[in-house]
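Step one of this worksheet: look at the structure below.
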Ligand SMILES: *Cc1c(COP(=O)(O)O)cnc(C)c1O
């Protein structure tokens, strides 16, 4: 299987797409085709464990990897000692037609682990396959969860380093501590004075700079990305949509071939794009429901066909979705535009220069035949957490609650009661203060830190505080670097120099 750039650039192999992250023309790598998964194959997934399911899907894309290579990488990534649920990504039942796909059982308690536990293995294999002897220096912009997941994944992996930029005030206390206490000799964490879009735009600019690449090269390093612009991040995410479907079959919730809906809490559009790829491979999906918080640029896009970033950036209780420029949407646009790279390049240029682009009526119709979209603000999200806890005793985090709420509204509006899977992207303990306030009222969390709130949530729900949150209380802060928006190149160089 070869990979093309969304902006029309030349073909590369899977390992090259993973190793270099972003195409030289600034576009994102997309597979030449979506390998079909037959009904028989789909049925066979029901007999498999998570690693076997993942192997089935990954093989179809990673053609320049051997099957033993893929299987060894998967065994190391989804090691049962690192995930606190033996199913890795269990599908839990809320009601007869509503399920929750829990993607937060990995080491950093967010769905990013599903990809970032695997990516370092794919990266080092890709470096070997391509004779790359320079250190693979991963640069990451994070809205909170990617950073820690990338640091954990790449920590002390030989031949790599991992540098993370996070917005100073854009992440939760637990998220910040998770990053700044990270161990490892090859990890760097830098606070940027700005929001997530500033961090992401800055990192993209560094990737696009020949001058910066030369400076990095002079140090025997080559840049790569662990953001969801990297195809190596996307491909492991396709797996859990198939896995959830197999779980629903095993639970008797659906019959083979029945369509299901997925509702996905969305920021950079990576998670839901993987669902779209799964659907394109033949997974029976009716609607993909894109759930946003108050930063509802995507809700407007799916309604009007215009992507317009000229709007206020809100800080919400679901910070990992506080994004106005959703990078992976570019990959969906590419499909929507019949893979016309030139058109994508034009839209992206318009976005950069005049902050918006318009896809037109017909293409919008195409989008709406597959996707639905909605949003929930912080108050609605808190109500949803409380409602789900009071009714089902199920505790969800703020991001998952946005999706749950959007599903509720979607069903009321459309009457579409197809079996739906709420994709749960984080543990409630990652956002303990907001979750506790939602369940018990704001007074309950007042004056309490994240750890006290975690204890209160444990008492309330009986769900134990994860060890990873507990240990944060005593870990020393190791990373204190800070920089301004225009000082990112220098900050990376300082980090490399150990300053
Ligand atoms: C990253 C993240 C999201 C958004 O996922 P995208 O792939 O960027 O759309 C949602 N929820 C949580 C908890 C996250 O960490």
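A quick yes/no check of all residues on (1) crowded, with 24+ Cβ neighbours inside 10 Å; (2) assigned by TED's automatic domain parsing to the domain that holds residue 267; (3) within 21 Å of residue 156 (Cβ to Cβ); (4) within 16 Å of the ligand (Cβ to nearest atom):
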| residue | (1), (2), (3), (4) |
| --- | --- |
| 98 | no, yes, no, no |
| 104 | yes, yes, no, yes |
| 120 | yes, no, yes, no |
| 127 | no, no, yes, no |
| 131 | no, no, no, no |
| 137 | no, no, yes, no |
> Does segment 246-258 include one or more residues that are without any contact (Cβ under 8 Å) to a residue 40 or more places away in the chain, more than 16 Å from the ligand (Cβ to nearest atom) and either farther than 24 Å from residue 58 by Cβ or not in a helix (DSSP H, G or I) (or both)?
Replying inline: yes
> So which residues in segment 416-445 are outside any loop (DSSP other than H, G, I, E, B) and touching a residue at least 60 places away in the same chain (Cβ under 8 Å)?
Replying inline: 420, 421, 422, 423, 424, 426, 429, 430, 431, 432, 433, 434
> Within segment 196-223, how many residues turn out to be in contact with a strand residue (DSSP E or B) (Cβ under 7 Å, 6 or more places away or on another chain) and either free of Cβ contacts under 8 Å to residues at least 40 places away in the same chain or assigned by TED's automatic domain parsing to the domain that holds residue 329 (or both)?
Replying inline: 1
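Out of 231, 207, which single residue is within 24 Å of residue 15 (Cβ to Cβ) and modelled with pLDDT under 95? Please lay out each step first, then the result.
Details: 231 fails: modelled with pLDDT under 95.
Being within 24 Å of residue 15 (Cβ to Cβ) and modelled with pLDDT under 95 holds for just one of 231, 207, which is 207.
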> Which residues, counting only those in segment 191-215, are more than 30 Å from residue 308 (Cβ to Cβ) and buried (at least 22 other Cβ atoms within 10 Å of the Cβ)?
Replying inline: none
>> I'd like the full set of residues that are closer than 15 Å to residue 367 by Cβ and either more than 12 Å from the ligand (Cβ to nearest atom) or in a helix (DSSP H, G or I) (or both), limited to segment 265-280.
In response: 272, 273, 275, 276, 279, 280
>> For segment 281-327, give me each residue that is closer than 23 Å to residue 116 by Cα, at pLDDT 95 or above and more than 10 Å from the ligand (Cβ to nearest atom).
In response: 281
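Hey, among 147, 131, 170, which residue is farther than 23 Å from residue 105 by Cα and within 20 Å of the chain's Cα centre (by Cα)? Walk me through it before giving the result.
On the way: 147 fails: farther than 23 Å from residue 105 by Cα; 131 fails: within 20 Å of the chain's Cα centre (by Cα).
From the options 147, 131, 170, the qualifying one is 170.
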> Do we find a residue being in the same structural domain as residue 321 (by TED's automatic domain parsing), away from the ligand (no atom under 16 Å from the Cβ), under 24 Å from the mean Cα position of the chain (by Cα) and outside any helix (DSSP H, G or I) anywhere in segment 401-415?
Replying inline: no
> Among all residue pairs at least 6 apart or on different chains, which show Cβ distances below 6 Å where the first residue, located in segment 259-272, is assigned by TED's automatic domain parsing to the domain that holds residue 324 and within 14 Å of residue 283 (Cα to Cα) and the second is more than 6 Å from the ligand (Cβ to nearest atom) and assigned to a helix (DSSP H, G or I)?
Replying inline: 262/275
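Hey, any hits in segment 140-151 for a residue that's assigned to a loop (DSSP other than H, G, I, E, B), more than 14 Å from the ligand (Cβ to nearest atom) and either closer than 30 Å to residue 348 by Cα or touching a residue at least 40 places away in the same chain (Cβ under 8 Å) (or both)? So that I can check it myself, show each step before the final result.
Let us first name the residues in segment 140-151 that are assigned to a loop (DSSP other than H, G, I, E, B), namely 142-144.
Imposing the further condition that a residue be more than 14 Å from the ligand (Cβ to nearest atom) reduces the set to none.
So far as segment 140-151 goes, no, none of its residues is assigned to a loop (DSSP other than H, G, I, E, B), more than 14 Å from the ligand (Cβ to nearest atom) and either closer than 30 Å to residue 348 by Cα or touching a residue at least 40 places away in the same chain (Cβ under 8 Å) (or both).
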> Within the bounds of segment 330-350, is there any residue that is part of a helix (DSSP H, G or I), more than 27 Å from residue 426 (Cβ to Cβ), out of contact with any strand residue (DSSP E or B) (no Cβ under 9 Å at 6 or more places or on another chain) and without any contact (Cβ under 8 Å) to a residue 12 or more places away in the chain?
Replying inline: yes
> What are the residues in segment 351-368 that are out of contact with any strand residue (DSSP E or B) (no Cβ under 9 Å at 6 or more places or on another chain) and farther than 13 Å from residue 304 by Cβ, if any?
Replying inline: 352, 353, 354, 362, 366
> Given the residues 448, 463, which is the only one that is modelled with pLDDT under 95 and under 24 Å from residue 291 (Cβ atoms)?
Replying inline: 463
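The values are calculated or read from the model by the stated rules, or taken from the named source; none is laboratory data. Computed from a predicted model, the values in this text were never measured in an experiment. Neighbour counts are summed over all protein chains in view; Cβ atoms, including those assigned to glycine, are modelled from backbone coordinates with ideal geometry.
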